[in-house]
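Inspection log for the structure reproduced underneath, given as C-alpha cells.
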Amino acid sequence: MKPADFALLVAVCLFWALNLVITRWTVTTGDVPPLFFAAVRVTLLAAILAPFLLPAPRQIGMMFLIAMGMAGFHFGLLFLGLATSTAGVAAVIGQLGVPFTTILSIIFLKEQIGIWRTSGIVLAFVGVMIIMIDPAQFSLTIGAVYLIGAALCGAIANILMKRIEPMPAMRLQAWIGLFSILPLALMSLIWETGQADAYAALDWRVYASSIFAVLGVSIFAHGNFYRLIKQYDVTLLSPLTLMTPVMAVFLGVAFLGESVTWQMVVGGIMALAGVGIIGVRRNRRFPEASVGDKIGP
C-alpha cells in the first residue's frame with residue numbers, strides 16, 4: 001500500500017473512532033435523545049447529498065431495505081447502545097458485523113468456509129460474550145444487546161447489497177439517508193420526549209457533532225474507504241481497519257474518562273483476533289464480507 005493511502009486509511013479509522021466517541025458524548029453528556037440524534041444525522045445526510053439522488057435506483061424496494069439495515073434500524077440500535085455502553089465496547093462489538101456477514105453469506109450466498117474462518121467466527125463471538133456478560137449478575141447488558149442488533153442489521157444490509165445494481169457511493173448514501181428519515185423520526189416520536197427542546201438548548205458542540213457525523217464520517221471517511229476498496233485487496237484492508245476499535249478505546253479513555261476493565265481487554269483481544277482471522281481469509285462469494293460493516297453511512 002502506498003504511504004499516502006495508508007495515511008488516508010489511518011485518518012478514515014480515526015474518524016470512525018471519533019464518531020463513536022462524539023456520538024457517545026452527544027447522547028449522554030449532551031443529553032440528546034439517541035433516536036432523535038440519529039434522525040437528525042440522516043436528515044442532514046440526505047439534504048447535503050440531495051444532488052446525487054438522481055437517477056433513482058430501479059430496485060427501489062430493495063434500496064429501502066438496505067437503507068433500513070445500514071441506517072434506519074442500524075443507527076437506532078447503535079445510538080441506543082452508545083447511550084448505555086462505552087465507545088470502546090461499541091467499537092469492539094461492532095466488529096461482529098464481520099462474522100455476521102460471513103455467516104449470512106454462507107446461508108444465502110452458499111459461501112464455503114474452512115477451519116480458519118470457522119475458528120475466527122467462534123473466537124470473535126466468545127470475545128464479545130466476555131465483554132457483554134456482567135460477572136456480578138451473569139446477565140447481558142442491554143446496551144451490548146442493542147449493539148449486537150446494530151451489527152446484525154448492518155450485516156443483513158451488506159448481503160442485500162449483492163442483489164442491487166451497483167451505484168456510486170454518494171448516490172447510495174443519499175438514498176440511505178432519505179429513506180431513513182421517517183422511520184427514525186417516528187421511532188423517536190413514539191419512544192422519546194423533549195427532542196427538539198433538548199437539541200435547541202445545548203451548546204455548539206452538539207451541532208458540531210452532527211456536522212462531523214455527516215461531513216467527516218459519511219462523506220470523507222466512507223467515501224475514501226470506498227475508493228480504497230476499489231484499489232486494494234480486502235484481505236489487506238480488513239486487518240488494518242482493526243485500528244478503529246483500538247483508537248476508540250484510547251479516545252474514550254482520553255476524552256470521556258471511560259474505564260478499561262479486564263473483560264474489555266481479554267474479550268477485545270479475542271474478538272479482534274477472530275475478526276482478523278476472518279479478514280485475511282478471502283471469501284469467494286462475497287469478498288467484501290470482511291469489511292462490509294464499514295461501508296454503511
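Tabulated data for the structure shown
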| quantity | calculated |
| --- | --- |
| Yes/no for Val128 being in contact (Cβ under 8 Å) with a residue 12 or more places away in the chain and either among the hydroxyl-bearing types (Ser, Thr, Tyr) or crowded, with 24+ Cβ neighbours inside 10 Å (or both) | yes |
| Qualifying residue in the stretch 183-202 (condition: among the aromatic types (Phe, Trp, Tyr), surrounded by 19 or more Cβ atoms within 10 Å (Cβ to Cβ) and either under 30 Å from Ile229 (Cβ atoms) or touching a His at 6+ places or on another chain (Cβ under 6 Å) (or both)) | no |
| Residue count for the stretch 212-263, restricted to those that are polar (S, T, N, Q) and farther than 26 Å from Leu49 by Cα | 5 |
| Residue tally, condition surrounded by fewer than 22 Cβ atoms within 10 Å (Cβ to Cβ) and under 25 Å from Leu172 (Cα atoms), over the stretch 69-105 | 2 |
| Members of the stretch 257-278 found to be part of a helix (DSSP H, G or I) and surrounded by 18 or more Cβ atoms within 10 Å (Cβ to Cβ), listed by number | Met264, Gly267, Gly268, Met270, Ala271, Leu272, Gly274, Val275, Gly276, Ile277, Ile278 |
| Some residue of the stretch 29-48 being more than 20 Å from Ala169 (Cα to Cα) and either free of Cβ contacts under 8 Å to residues at least 40 places away in the same chain or hydroxyl-bearing (Ser, Thr, Tyr) (or both) | yes |
| Residue in the stretch 179-199 that is farthest from Ile219 (Cα to Cα), counting only those that are within 18 Å of the chain's Cα centre (by Cα) and of a type in the set (A, V, I, L, M) | Leu184 |
| Single match in Glu165, Glu111, Glu192 (criterion: in contact with a Ser or Thr (Cβ under 6 Å, 6 or more places away or on another chain), in contact (Cβ under 8 Å) with a residue 60 or more places away in the chain, at negative phi and of a type in the set (Asp, Glu)) | Glu111 |
| Subset of the stretch 192-210 that is of a type in the set (A, V, I, L, M) and touching a Gly at 6+ places or on another chain (Cβ under 8 Å) - its residue that is modelled with the lowest pLDDT | Leu202 |
| Condition met for Thr118 (polar (S, T, N, Q) and within 22 Å of Phe75 (Cβ to Cβ)) | no |
| Filter result for Arg163 (surrounded by 15 or more Cβ atoms within 10 Å (Cβ to Cβ) and of a type in the set (Lys, Arg)) | no |
| Counted residues, the stretch 218-262 - those being farther than 13 Å from Val10 by Cα and aliphatic (A, V, I, L, M) | 10 |
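The values are calculated or read from the model by the stated rules, or taken from the named source; none is laboratory data. Keep in mind the model is a prediction, meaning the values are calculated, not measured. Cβ coordinates were reconstructed from backbone atoms using ideal geometry, including for glycine residues, and neighbour counts include every protein chain displayed.
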